[in-house]
Each structure stands twice: as structure tokens, then as C-alpha cells.
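**Q** My questions all concern the structure below.
Every number here is computed from the coordinates shown, using simple stated rules; none is lab data. What you see is a predicted model; the values in this text were computed from it and never measured. Every residue, glycine among them, receives a Cβ derived from its backbone with ideal geometry; neighbour counts consider all protein chains shown.
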Amino acid sequence: MNAVWLVMISVSIVFAMFTGNLEAFTKSIFEGAKSAVEISLFLLGIVSVWMGITRILEDSGLIYRIAHLFKPLVSRLFRNVPDDHPSISAMTLNILANLFGLGNAATPLGIKAMQELDALNPEKGTVTFEMMVFIVLNTASIQLIPFSVIGLLASYGAKNPAAVVLPVLVATLTSALAALAILFAFRKVFK
Amino acid sequence: MIEAVNHVSLLLIPAFILFAVVYGALKKVDVYDSFVAGAREGPQIILKIFPYLLAIFIAIKGFQASGAFDFIRNAFHGMFSFTNVPLEVMSMAIVKPLSGSAATALFTDIIRTIGVDSTATRIAAIIMGSAETTFYVLAVYLGSVNIRNTRYLVPVCLAGDVVGIVIAIWVA
């Protein structure tokens, strides 16, 4: 991320100098800061709600039962996660929320999954392979029905807004598989 | 099919919360106290995420405002002119991993200017539905556990995005 950030910031400033967009650039810094505050406040609400609900799951033991139920499904992808570990429940619930397009539940549950995966991390501050698999699954955004896209198409009077469902599903599944394949290939190379 | 999924997704969260609290109560858990104790972790997590979000957001906004984004988009469009992919779709492909709100704005712009039943709209819709705002996900998830060494995660995610966009254009 250090390289990405350095390149983005310095390229932007050099560009702004040559294109006369310096004022716009400076303004955009403060707009970016404002967006970060707004999104953080929004996240503060929904993340706290889901931390509360998942704590009930932990205290009642339900989180271990859910983990036990879904262990067979995720064990091939997450080999270093112990049986019935809470991270399995958080990851499964996150993927289910993603499938049904419930972003407001998916992100907090994903954060919960990261906390649980970090509890297994022997080297804090360094990403584990399990975390990478989980993040790659999330950036592929696997969902059954892209409701927001269909909604937008419908509101502009598309003839058949639901026609995008199948291509989106094909695109999202193949790109998820491809991203996982790339990740596993990288592991072979960098081990 | 879409109706059915819509119903399930409307029902899922309320049903899950009901199940969680009833199951907890049956297991003699003080559900109110548990909820409050869990929710107390929220602010600490957000405090960890905030500086990462801030760094990503000013970089992305600055990149767009400086004109660097337009330059790169035009360069890409020139490089891939043989594919006949519309310029707007090229913007979509570059914007989507960076910013969700910018992608939505661009999508409605494509619908309005090119037409709701056009090929460009179709490709853009598939990109909208199948790609995620990668940098936001990275900032939030990695930030929440203070990950500084990301190993090879960023190149893998970006390669995944490229594959996703190629597939989106291909299936459209």
C-alpha cells in the first residue's frame, strides 16, 4: 500500500501543477477528509450494532455451532483455521450477507471475521494467507441479485432490467475464481 | 426468482436477530448486557480504521481532482481502442475499484447520455454488479486489525479486478 499511496499522491500533485488544477486538488483533500469522517460515523453505527449481536452469539455458544455447521464448506479454503473457530461463523455470515446484497451487515461481519482471524495471527501487523483469501472473496463481491443496479436500470425505464442478473452472476463467479487462482499462484511463488 | 431472493434478503436480518436473541435467552444469556458489551468494541474498531480510510480517500479524491485520472483513462482508451470499448465504460472500469459513489454517479451518467438499453449501459451494469470498491474494502478490513505488511495482497486484488472487468466486457 505504501507504494500505491506514494504514487497516487505524488502523481496527483505533479499533474495538478501542470494542468492548473492545484486549487481543485487542495479542495479535494478536504473533501476526501470529510468523506472519511462521514463513512467512519456511518460505520461506527452499523459495526457497533453487529458487534453487539455477535457478542450475544458468542455468549450463547451459537457462534461455535454455526462454525461447526459450516466448517466442511470453508475448511478447504481456510486450512489453518481450527475446527469450530468463531472466525468461520463470521466469515460464513459475511458471505451470506454479501450473497443477498446486505452490505450493511456484510461489512461489519467482515470486520468481525478479520478480528477473529487476527486472533490466530502469529505475526501481528502482517496479513495472513487466510485473511487474504477472505479479502479476495470480498473484493470479488459475489451476490445473487444486484438489486441496486436493477433498481437504477428500472428507474430509467430499461426494457428488461433483470436481464443483467445472469451475466453479473457469471462475471462475479468467474472473477472470484480467477482472483483465488491468482492468489494461490502467488503463494506458490512467494513461499 | 428475483422476487424470491428479494423476499429472503428482506427477511434475513430481522429473522437472524430474532433467532440470536431468543436462542441467547433460552441459554440464560443476559442478552441486553451482552449486546451492550459487544457494541462497546465498535468505537475502538472504527478508531483503528479511520486513519486508513482518511489516507485512501484523500488519495482517491486528489487523483480525480488533479486531472491524473482523466489522463490515465484517455491513455487506456487509446491503448485499447482496437477493442471498441466505449470511453465511458473504460472510466467505469477504472473508477469502480476506487470509489463506489463515483461509480454510481458515472453509471447514471452513462444511462442518461448514451441510453438505458445501450451496450455501454449493459457493460457498465455488469461491472457495477460484479466488481467491488477494492481500495475501500482493503482500507476497512486491513485497518480494523492494523495490518501494515500486506504481502502480495494488493497486486492480487488488482489483478482480480482486471480479470473481472475483462470478463464483464466479454459476457456483455
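**Q** DSSP loop (so not H, G, I, E, B), at most 13 other Cβ within 10 Å: list which trypsin sites (Lys or Arg not before Pro) in the range A:61-161 pass both filters.
**A** Loop-located and lightly packed - A:Arg76, A:Arg79, A:Lys124, A:Lys159.
**Q** Still on this structure, please answer the following. Going by how many other beta carbons lie within 10 Å of each one, how would you line up A:Phe129, B:Phe35, fewest first?
**A** Fewest to most other Cβ atoms nearby, the residues stand as A:Phe129, B:Phe35.
**Q** Looking at the range B:1-73, which trypsin sites (Lys or Arg not before Pro) are DSSP coil and have at most 13 other C-beta atoms within 10 Å of their C-beta?
**A** Sites meeting the loop and neighbour criteria: B:Lys27, B:Lys28, B:Arg40.
**Q** Let me ask something else. Taking the Cα atoms of the range A:77-171, report the difference between the largest and smallest coordinate on each principal axis, in whole Å and largest first.
**A** 54, 24, 22
**Q** If you don't mind, there's one more thing I want to ask. For the protein assembly as shown, what are Rg and Dmax over the alpha carbons, in angstrom?
**A** Here Rg and the maximum Cα pair distance are 20.8, 67 Å.
**Q** Tell me, what is the percent relative contact order of the range B:41-171, built from C-alpha pairs under 8 Å that lie six or more residues apart?
**A** For the range B:41-171, the relative contact order is 31 percent.
**Q** What value in Å³ per residue do you get for the convex hull of the alpha-carbon atoms in chain A?
**A** It is 183 Å³ per residue.
**Q** Using the membrane-span-like helix rule (whole DSSP H runs, Cα extent along the own axis of at least 18 Å, mean Kyte-Doolittle hydropathy at least 0.0), which helices of chain B qualify?
**A** Span-like helices in chain B: B:2-26, B:41-65, B:100-114, B:153-171.
**Q** Placing unit charges on C-beta atoms (Lys and Arg positive, Asp and Glu negative, everything else neutral), compute the dipole magnitude of chain B about its Cα centre in debye, rounded to 20.
**A** For this selection, approximately 420 debye.
**Q** With the dipole of the protein assembly as shown worked out from charges on the C-beta (+1 for Lys and Arg, -1 for Asp and Glu) around the Cα centre, which of B:Val85, B:Ile126, B:Cys157 lies farthest toward the positive end?
**A** B:Cys157
**Q** Here is a further query. Can you pull the mean other chain C-beta count within 10 Å for peptide B:111-123?
**A** 3
**Q** Can you put B:Ile110, B:Ile127 in order, fewest other beta carbons within 10 Å first?
**A** So the ranking, lowest neighbour count to highest, is B:Ile110, B:Ile127.
**Q** So what are the radius of gyration and Dmax for the Cα set of the range B:41-171, in Å?
**A** My reading of the Cα-based Rg and Dmax gives 16.1, 52 Å.
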